[in-house]
Amino acid sequence: MTDILFSAEDFRRRALEQSGSPVEDAWREHGDFLLNPDVVPYLETLKLKDAAVLVPVIDDGDEARVIFTQRTATLRKHSGQVAFPGGAIDPQDDTPERAALRETEEEIGLDRRFVETVGRLPHYMAMSGFRITPILAIVQPGYDLALNPDEVAAVFDVPLSFLMNPDNHGRGQATWKGAERHFYSMPYGEQHIWGITAGIVRMLYERLYA
């Protein structure tokens, strides 16, 4: 990993030139879905609601950092978990990018004037009922944050170099609807990145840095 750059500029280049199948069709080829191939036929039968999340990479010199949120314990779904900012795509959102930027502003107060979207990852099909489009973005320094206390308990950032090191991609397992499911787990300090969010991080690694 020592010869790989982890600047925002290099991230932009990789996002624009990412390898693999077109993002519209490639979700089965990555991350959680390779760990749980038997889930794919089930997911293909579900009517999923469209959502979008922002993967915000801070332009911080040679060591870019990625913003995460910790959801409040009172939310109905994924309460208390680490997540990327984002949410459901509303009828007024003309693109997933617009939805991710709107939701990010609503959740953590990150002004979209500081954000440049640079690409998408393949959809993440969530067992909780969402088809999530991860939007890759670069965030320029100088922004202020204002957390929505109804949705976000905390915000923190993690070095991109840590996230893109496969040695930090642990695995866990749990029982879901009577079957054993496998997932990625990426502890960082006191934070535990796992589930959907870790699955998106793993997909990012496989598309851009593997």
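Assorted remarks:
- Distance between modelled label sites at Leu34 and Ile4, nm, 7 Å Cα→Cβ extension: 1.3 nm
- With Cα atoms as the point set, the stretch 144-210 shows a radius of gyration and Dmax of 14.0, 44 Å.
- Cα-based radius of gyration for the stretch 74-165, normalised by 2.2 N^0.38 Å, reads 1.10.
- Kirkwood-type radius of the stretch 8-209, with distances r between different C-alpha atoms, in Å: 17.0 Å
- Pairwise label distance in nanometres, Lys49 with Ala153, each label 7 Å out on the Cα-Cβ vector: 2.2 nm
- Hydrodynamic radius of the stretch 11-128 per Kirkwood, over alpha carbon pairs, in Å: 16.0 Å
- Ordering of 48-59, 104-115 by burial proxy (mean other Cβ atoms within 10 Å per residue, highest first): 48-59, 104-115
- Dipole in debye (nearest 20) - the chain, about Cα centre, beta carbon charges: Lys, Arg +1; Asp, Glu -1: 720 debye
- Under the Debye formula (equal points on every Cα, no solvent term), log10 I(q)/I(0) of the stretch 1-47 at q = 0.23, 0.29 Å⁻¹: -0.88, -1.05
- The slack between Ala210 and Tyr42, meaning 0.36 nm per residue of separation minus the straight C-alpha distance, is 57.7 nm.
- Under 14 Å, Cβ to Cβ, from Ala52 - net charge with Lys/Arg +1 and Asp/Glu -1: -3
- In the chain, taking the dipole from charged Cβ atoms about the Cα centre, the farthest positive-side position among Pro149, Leu35, Ile4 is held by Leu35.
Values quoted throughout were computed directly from the atomic coordinates according to the rules given, and no laboratory measurement underlies them. The structure displayed is predicted, hence computed values, not measured ones. Note: ideal-geometry Cβ built from the backbone for every residue, glycine included; neighbour counts use all protein chains shown.
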